[in-house]
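Student: Handing you this structure, nothing more for now.
The values are calculated or read from the model by the stated rules, or taken from the named source; none is laboratory data. Treat the numbers as computed from the prediction; the structure is a model and nothing was measured. Positions of Cβ are backbone-derived with ideal geometry, glycine not excepted, and every protein chain shown enters the neighbour counts.
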Amino acid sequence: MSTSPTKLRSRAWFDNPDNIDMTALYLERYLNFGLSLEELRSGKPIIGIAQTGSDLSPCNRHHLVLAERVREGIRDMGGIALEFPVHPIQETGKRPTAGLDRNLAYLGLVETIYGYPLDGVVLTIGCDKTMPACVMAAATVNIPAIALSVGPMLNGWHKGERTGSGTIVWKARQLLAAGEIDDAEFIRLVASSAPSTGYCNTMGTATTMNSLCEALGLSLPGSAAIPAPYRDRQEVAWRTGKRIVEMVAEDLKPSDILTRDAFHNAIKVNSAIGGSTNAPIHLAAIARHVGVDLPLKDWETEGHKVPLLVNLQPAGEYLGEDYYRAGGVPAVVNQLMEQGLIAEDAMTVNGRTIGDNCRGKPIEDDKVIYPFERPLKEEAGFLVLSGNLFDAAVMKTSVIGPEFRERYLCNPDDPDAFEGPAVVFDGPEDYHHRIDDPSLGITPATLLFMRGAGPIGYPGAAEVVNMRPPAYLITEGIHALPCIGDGRQSGTSGSPSILNASPEAAAMGGLALLKTGDRVRVDLGKATVDVLIPEAELAERRAALAAAGGYRFPASQTPWQEIQRATVGQMNTGAILEGAEKYQRIAQT
Ligand code: FES
Ligand code: MG
């Protein structure tokens, strides 16, 4: 190791003989609790382990175990490990939304990494927003950082069929609404999908963000897909600990890895894996904090034409264990690389390029990862839509099945366009109260709208745009209606939705002006969504709404909700705290 102690950032806290306060801090705290004077004087790099696991965040809880192996790796390479907690973000447990906590965890982690004597940091990622929160913070501070995924749960099984976490909930809800199962069976079905420690085993937001973290080059190659309880997961935790010590010596920082090429690689991988519609929000946030220009339109230009290769639920059949056995991220990257779709020179945490890491990595099971020449679906990326209801929204076209296309899109003159009357809901509570009300007159031709669900309206943005049809339509065999809204959608849902609409109704975007009964036209060929009423009437509605005090949304319940609402941007630009972006690479300043 060629580490020069004088170059270590942590030395500023300790090698400071003139500063009495600092010396006291070091003697009384760092010395008395767990570290000897000898260790502190040795000039060893100090590595933080940002711990996202806890009893409140069960998806990441296995990191409490993995951190022991990370520590051993750090020690084996001559480093000192200091583990510390990150504000918990549990997707399924947090009210009103886990989205609210991403920026809060980010803020806390920036303060921690910046304010303590850390030379490098291991980011423990897993459940949906833990990856972006951690990576956003590492990007802002910009000290050497490496991510360790907790890994997906084992496959879920019920009566001989794979049950995927999250995805089975949407299906079970439909079965319950149609009276095909009772409450007890509903619980059994849902519980079967989460059989072990780890994050959701479907291609939801967690598998997506952990895969994209590897595609960005921020975790060790081949590590994202290893199931949480596997032996290999323990081993990669140890290797991650070893590697971060080397990264400090090499001064390999997030800004060296998170380049525009790396983001474009991640966008292409997202299409090929059938990744979540939450990915554009989180990648935009990371890009802004590291100072990379990544407009939402890049998702369409870079990603839309890339085919779907990974056959995981909700778009496909299989689950996390199968994905790992089939080759995981390196096998997917290699398929894209053979087509010239990957910027091979992008640097990764192991000090090698993504090209060197993934070249020639085979598909081990072509029922789970399809070869590029024979994909599951063509054009699996997102469309970025706009019109008079919003400036930007995304749609995952790969979830549109042939039956759905037939019902809506097969107008011989214009096969990509469809129109229908809108039924508008103001937030998830309104939807849950009224969806089965026959007086709404919802038919198979209706377009469902959800508003008041964006970063300001339902603070953090709720995953509620995917709305099931009324029970009476489900019993008739209509399992999905087009849904459009300013909220997010769970990555585990296969609904054909147009979501993340920005600006949201609460920011007086066009959705605030829409009324139930208005006709709306969606044109997937032109990537537009428009309410078919004259410009003048829209202007009248806008003036009337403004005069009435604007679009109404529930009051904040906590101080953080109020602070976030006052400072958060819209989803098309990452929904970051506007103003935080100017604090870039602060460890160097
Ligand atoms: Fe945590 Fe799905 S709820 S990963
Ligand atoms: Mg989610």
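Student: Please count how many residues of segment 260-319 are more than 16 Å from ligand 2 (Cβ to nearest atom) and among the small types (G, A, S).
Tutor: The total comes to 9.
Student: Quick one: count up the residues across segment 443-478 that are part of a helix (DSSP H, G or I) and within 18 Å of S490 (Cβ to Cβ).
Tutor: Of segment 443-478, the ones part of a helix (DSSP H, G or I) are 471-475.
Among the residues that remain, those that are also within 18 Å of S490 (Cβ to Cβ) are: none.
Count: 0.
Student: Taking the stated definitions as given, is I342 surrounded by 19 or more Cβ atoms within 10 Å (Cβ to Cβ) and over 30 Å from T163 (Cα atoms)?
Tutor: On the way: surrounded by 19 or more Cβ atoms within 10 Å (Cβ to Cβ): yes; over 30 Å from T163 (Cα atoms): yes.
Yes, satisfied.
Student: I'd like to verify a number: residues in segment 39-60 that are more than 16 Å from ligand 1 (Cβ to nearest atom) and outside any strand (DSSP E or B), how many?
Tutor: So the count comes out to 7.
Student: State the number of residues belonging to segment 67-94 that are in a helix (DSSP H, G or I) and either more than 23 Å from the chain's Cα centre (by Cα) or within 16 Å of ligand 1 (Cβ to nearest atom) (or both). Spell out the reasoning first.
Tutor: Of segment 67-94, the ones in a helix (DSSP H, G or I) are 67-76.
Among the residues that remain, those that are also either more than 23 Å from the chain's Cα centre (by Cα) or within 16 Å of ligand 1 (Cβ to nearest atom) (or both) are: 68-76.
Adding up the residues that qualify gives 9.
Student: What number of residues in segment 107-132 are touching a residue at least 60 places away in the same chain (Cβ under 8 Å) and either buried (at least 24 other Cβ atoms within 10 Å of the Cβ) or of a type in the set (D, E) (or both)? Step through it out loud before you land on a result.
Tutor: First pass over segment 107-132, keeping only residues touching a residue at least 60 places away in the same chain (Cβ under 8 Å): 107, 110, 112-114, 116-132.
Subsequent filtering for residues that are either buried (at least 24 other Cβ atoms within 10 Å of the Cβ) or of a type in the set (D, E) (or both) retains 113, 118-132.
Count: 16.
Student: Looking at G222, G198, can you tell me which residue is crowded, with 24+ Cβ neighbours inside 10 Å and of a type outside the set (S, T, Y)? Walk me through it before giving the result.
Tutor: Details: G222 fails: crowded, with 24+ Cβ neighbours inside 10 Å.
Of the residues listed, the single one that is crowded, with 24+ Cβ neighbours inside 10 Å and of a type outside the set (S, T, Y) is G198.
Student: For segment 50-61, name all the residues that are surrounded by 24 or more Cβ atoms within 10 Å (Cβ to Cβ) and under 22 Å from E235 (Cβ atoms). Break it down stepwise before answering.
Tutor: Step one: list which residues in segment 50-61 are surrounded by 24 or more Cβ atoms within 10 Å (Cβ to Cβ), which gives 50, 52-53, 57, 59-60.
Matches in segment 50-61: A50, T52, G53, C59, N60.
Student: Report yes if A133 is within 22 Å of the chain's Cα centre (by Cα) and away from ligand 2 (no atom under 16 Å from the Cβ), otherwise no.
Tutor: On the way: within 22 Å of the chain's Cα centre (by Cα): yes; away from ligand 2 (no atom under 16 Å from the Cβ): no.
So A133 fails the test.
Student: Condition (residue is assigned by the TED database to the domain that holds T475, farther than 15 Å from D518 by Cα and surrounded by fewer than 16 Cβ atoms within 10 Å (Cβ to Cβ)) applied to segment 417-428: is it met by at least one residue?
Tutor: First, the residues of segment 417-428 that are assigned by the TED database to the domain that holds T475: 417-428.
Retained after the next criterion (residues that are farther than 15 Å from D518 by Cα): 417, 426-428.
In the following step, the residues that additionally are surrounded by fewer than 16 Cβ atoms within 10 Å (Cβ to Cβ) were identified as none.
No.
Student: Out of I125, I146, I80, report the one residue that is more than 15 Å from ligand 2 (Cβ to nearest atom) and over 26 Å from S36 (Cα atoms).
Tutor: The unique qualifying residue is I146.
Student: Here's another thing I want to ask about it. In segment 470-484, how many residues are surrounded by 24 or more Cβ atoms within 10 Å (Cβ to Cβ) and among the aliphatic types (A, V, I, L, M)?
Tutor: Total meeting the criteria: 3.
Student: Say we look at segment 491-530 and pick out the residues that are under 30 Å from A285 (Cα atoms) and among the β-branched types (V, I, T); which of these is farthest from ligand 2 (Cβ to nearest atom)? Lay out the reasoning, then the answer.
Tutor: Applying the first criterion (under 30 Å from A285 (Cα atoms)) to segment 491-530 yields 491-514, 522-530.
After this cut, where a residue has to be among the β-branched types (V, I, T) as well, the list is 492, 498, 522, 528-529.
Numbers: T492: 7, I498: 18, V522: 24, T528: 28, V529: 24 Å.
Here the answer is T528.
Student: Restricting to segment 157-201, count the residues that are out of contact with any Leu (no Cβ under 6 Å at 6 or more places or on another chain), at negative phi and in contact (Cβ under 8 Å) with a residue 60 or more places away in the chain.
Tutor: The total comes to 11.
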